[in-house]
Structures are given as structure tokens and as C-alpha cells.
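Undergrad: Structure incoming, see below.
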Amino acid sequence: MSFALFLIGLALLVGGVAWAMATAGIATLYIAITCVVLLGIGIMAAVSRTRTKD
């Protein structure tokens, strides 16, 4: 359940950043690159924080 909450929060964060960048007039290519990097970092953080310890 907490992994799903992480992903929902991550989607909101990435959407907000993309919206802000688009409003600022930044090129679409840079917006896409930023979103992919944020998604990668967010998924790695979500997996590391929600996995069970061995």
C-alpha cells in the first residue's frame, strides 16, 4: 500500500514540475528529460523504502 502511495505522490510531483516548466516556456524535450529522470529517482526511492528487510 505504501508503494502505491509513493507512486501517486511521485505522479503528482512529476505532473506539477512538468506543468511549471511548460508554463515557464521551457522546450518540450527538456521537460521530457526532466520527467524521466524524476521518475527514475522516485521509483528507486520508493522501492528502497518500501521493500522488506531480509
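The values are calculated or read from the model by the stated rules, or taken from the named source; none is laboratory data. Since this is a predicted model, take the numbers as computed values, not measurements. Heads up, the Cβs are rebuilt from the backbone with ideal geometry, glycines too, and the neighbour counts pull from every protein chain shown.
Undergrad: Can you tell me which of Thr52, Thr34 is of a type in the set (S, T, N, Q), surrounded by 12 or more Cβ atoms within 10 Å (Cβ to Cβ) and either outside any helix (DSSP H, G or I) or modelled with pLDDT of 95 or more (or both)?
TA: Numbers: Thr52 fails: surrounded by 12 or more Cβ atoms within 10 Å (Cβ to Cβ).
Sole residue among the options that is of a type in the set (S, T, N, Q), surrounded by 12 or more Cβ atoms within 10 Å (Cβ to Cβ) and either outside any helix (DSSP H, G or I) or modelled with pLDDT of 95 or more (or both): Thr34.
Undergrad: Which condition breaks for Gly25 when tested against (1) at pLDDT 90 or above; (2) surrounded by fewer than 13 Cβ atoms within 10 Å (Cβ to Cβ); (3) in a helix (DSSP H, G or I)?
TA: Just one mismatch for Gly25, condition (3).
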